[in-house]
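Input: a single structure, listed below in C-alpha cells.
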Amino acid sequence: MTTTPTQTQTARTHPPTAGPPLWDRRFTLYFTSRAVSLLGDAMMPVAAALAVGALYGVSGVGFVLGTWTGTFVLLVLFGGVFADRFGARRMMIGADLVRVLTQGVLALAFFAGPPPFWLLLSMAALAGAAVAMFLPGANGMVPLVAREPQRANATLKTADALAHLLGPALAGLLIAVTSAGTVYAIDAGTFLLSALCLAFIRLAPADMPTETPTGADSSARRSSSLRRDLRQGWQEFRARTWMWAVILIWVGYGVLLFGPLVPLSSALVGARLGPNAYGLAVSFLGVGTVLGGLLAMRLRPARPLAAGTVAMALYTALPLCVALDAGLPVLLTGHVIGGGALAFWSVMWATSVQTHTPPAVLNRVTAYELAGSVSGIALGQILAGPATTLASPGRLLLVSAGACLAGCVALFATPAIRTLRRAAPTDGIKPGAPGGPPEE
C-alpha cells in the first residue's frame, strides 16, 4: 500500500508564509479545473431530459440516469483505493479523459442522427465509472493545493452553485437554437480543459504516491493489496464515530428528504404555479448556495459540525414552504434559505473530513462517505413515485420537513458530532493522524 505524507510534513514543506494564502498557482489551476467541469456536469441533466426524453421518453431518461448512478455507487469505493494508491491527480486526469471520450462519442452520435439506446446506456455506464474514479480524489486534492481548506471548500462550493445556475439555462438555450450534439461537444471540451489544468499542477515530491509493485507476482499482490486497502478504508471510516454517524443520518436524509424533494416539489409547484415558477425556485436555490458558500468563507466556528447542524435546521424551510402551498415570494425565500443552509453545512463537513483524516487514507474514506450518501438519495428517488399512492405529495413533503428537524436533533444528540473541533492546519500532527492526539 502506498502512502502520502502527513499534513505536518506537507505544512513543513510548504510553510503558510510562502506565497498567497489561497490563490496561488496550484489552487488557481485546481479551481479552474473544477469550475469548468462542474459547468459541464450541470448541463447534462437538462441535456438528458430534453434530448434523451424526446427520443425515448421518461423511462429512457430514467434508465440512462439510473445506469450512471448505479455504476457510480458500485465503483466509487475502488475509486478511493486507486486515488490513494496511484495519486488523486492522476486518477482525476484519467477520469476527465474518459469523459472527453464518452461525451465526444455522444456529440458525434447526436450530430449524425438519433443515437441508439444501447449507445446512450453504455456511455452513461462508462461516464458513471469515470466519476467514481474522479470524485474521491477531488476531495483529497483540496488539502494538497490549498493552505486554507475551509476557504478553498467554500470557494469551490460557490463555483458549484454558479455552475448550477448557469449550466441548465445554457444547455436549454443550446438545445433550442442548435442541437443536443452541441451540448455534449461543449461538455467534452470542459473535461478536456479540466484535465489540462490538473496536468499543469505541480505537487511536492512528498505528495506523490510511491510506485506500485511490479513483477511476475504483481497481479496477485495487487489483488491482496486491493482487499487490504478497502478494509483499511472501512476501518478508518468506522473508527470515526462523528463520520459514520453523520453518514447514517444522511442515508435517512437521502431516503426521506433529498431523494423525494425534487420529484415531489417539481410536481406540486409546477401544477400550482406553472413550470416557470419551479425553474425560478431552482435558480433561487442556487442564489442561496452562493450566499452560503460566501458566508462559509468568513465564519470559522470552533465546532464546525455543530454550526453546520444549526444551518441544516434552517433547511427545513425548503420542503415546508412547498408542502404548505406558499405563495411565490415565500417559496423563493424558502429556497434561498435552503440553499444557503445546505451550502454552509457542506463546507463544514468537507473541511472536517479533510482535516481530521490521515492523508494516506483520505480518498478511501471519502469514497465510503460518497457511497453512503448517494445510495440513500437514489433509494429516495426510486421510492418517491410509489409513495404518492399512499399519501399526497404535500403530506410527503411534510414528512421530509419533519425528517430534516429530526436529523438535526440526532446530529446534536451525538457527542462526537457536537463536540468535534476545528483542526488547526499548521498545528503539527492533526487529530486522528497516526501519532497525533485523539479525536473529539
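Which helices of the chain meet both criteria: a Cα extent of 20 Å or more along the helical axis and a mean Kyte-Doolittle score no lower than 1.0, with helices taken as whole DSSP H segments?
53-86, 88-112, 117-145, 180-199, 259-273, 275-298, 328-355, 393-413
Of Leu332, Phe200, Gln103, which is farthest towards the positive pole of the chain's charge dipole, taken about the Cα centre with +1 and -1 on the beta-carbons of Lys, Arg and Asp, Glu respectively?
In the chain, that residue is Phe200.
Between Arg421 and Leu108, how high is the FRET efficiency from 1/(1 + (r/R0)^6) when r is the Cβ-Cβ distance and R₀ = 51 Å? Nearest 0.05.
The formula returns an efficiency of 0.45 here.
Gap in Å between the Cα centre of the range 24-58 and the Cα centre of the range 254-315?
The range 254-315 and the range 24-58 have Cα centres separated by 20 Å.
On full extension of the chain, what length is gained from Leu101 through Asn276, given 0.36 nm per residue of separation minus the C-alpha to C-alpha distance?
59.6 nm
Put a dot 7 Å past each Cα toward the Cβ at Ala406 and Ser392; how far apart are the dots in nm?
Inter-label distance under the simple model: 2.2 nm.
If you find the alpha carbon centre of the range 76-107 and of the range 338-405, how far apart are they in angstrom?
24 Å
For the range 20-204, which semi-axes, largest first and in whole Å, follow from the square roots of 5 times the eigenvalues of its Cα gyration tensor?
Ellipsoid semi-axes (Å, largest first): 29, 18, 13.
Treating only the Cβ of Lys, Arg, Asp and Glu as charged (+1, +1, -1, -1), what charge dipole size does the chain show about its Cα centre? Round to the nearest 20 debye.
Dipole size: approximately 760 debye.
In the Gaussian network model of the chain, springs joining C-alpha atoms below 10 Å, which of Leu314, Leu119, Leu198 carries the largest mean-square fluctuation?
Leu119
Of Ala311, Gln235, Leu50, which is farthest towards the positive pole of the chain's charge dipole, taken about the Cα centre with +1 and -1 on the beta-carbons of Lys, Arg and Asp, Glu respectively?
Gln235
Using the beta-carbon distance between Leu299 and Arg227 and R0 = 35 Å, what value does 1/(1 + (r/R0)^6) give for FRET efficiency, to the nearest 0.05?
The value I calculate is 0.25.
What full-extension length gain, to one decimal in nm, is calculated for Ala239 and Ala54 as 0.36 nm per residue of separation minus the Cα-Cα distance?
Extending this stretch completely gives an extra 61.8 nm.
Which is the longest stretch in the chain that no exposed loop site breaks, taking sites as chymotrypsin sites (Phe, Trp or Tyr not before Pro) with a DSSP loop state and at most 16 other Cβ atoms within 10 Å?
Looking at the chain, 201-440 is the longest stretch - no exposed chymotrypsin sites (Phe, Trp or Tyr not before Pro) with at most 16 other Cβ atoms within 10 Å.
Stokes-Einstein diffusion coefficient for the range 231-425 at 20 °C in a medium of 1.002 mPa s, Rh from the Kirkwood formula over Cα pairs: what value in µm²/s?
Here the translational diffusion coefficient equals 124 µm²/s.
Report the equivalent ellipsoid semi-axes for the range 114-196 in whole Å, largest first, defined as the square roots of five times the eigenvalues of the gyration tensor built from alpha carbon atoms.
Square roots of five times the eigenvalues give 29, 18, 10 Å.
Every read-out reported here was derived from the displayed coordinates using simple, explicitly stated rules and does not represent laboratory data. Quick caveat: nothing in here was measured; it's all calculated off a predicted structure. Methodologically, a virtual Cβ is constructed for each residue, glycine included, from the backbone with ideal geometry; neighbour enumeration extends over all protein chains shown.
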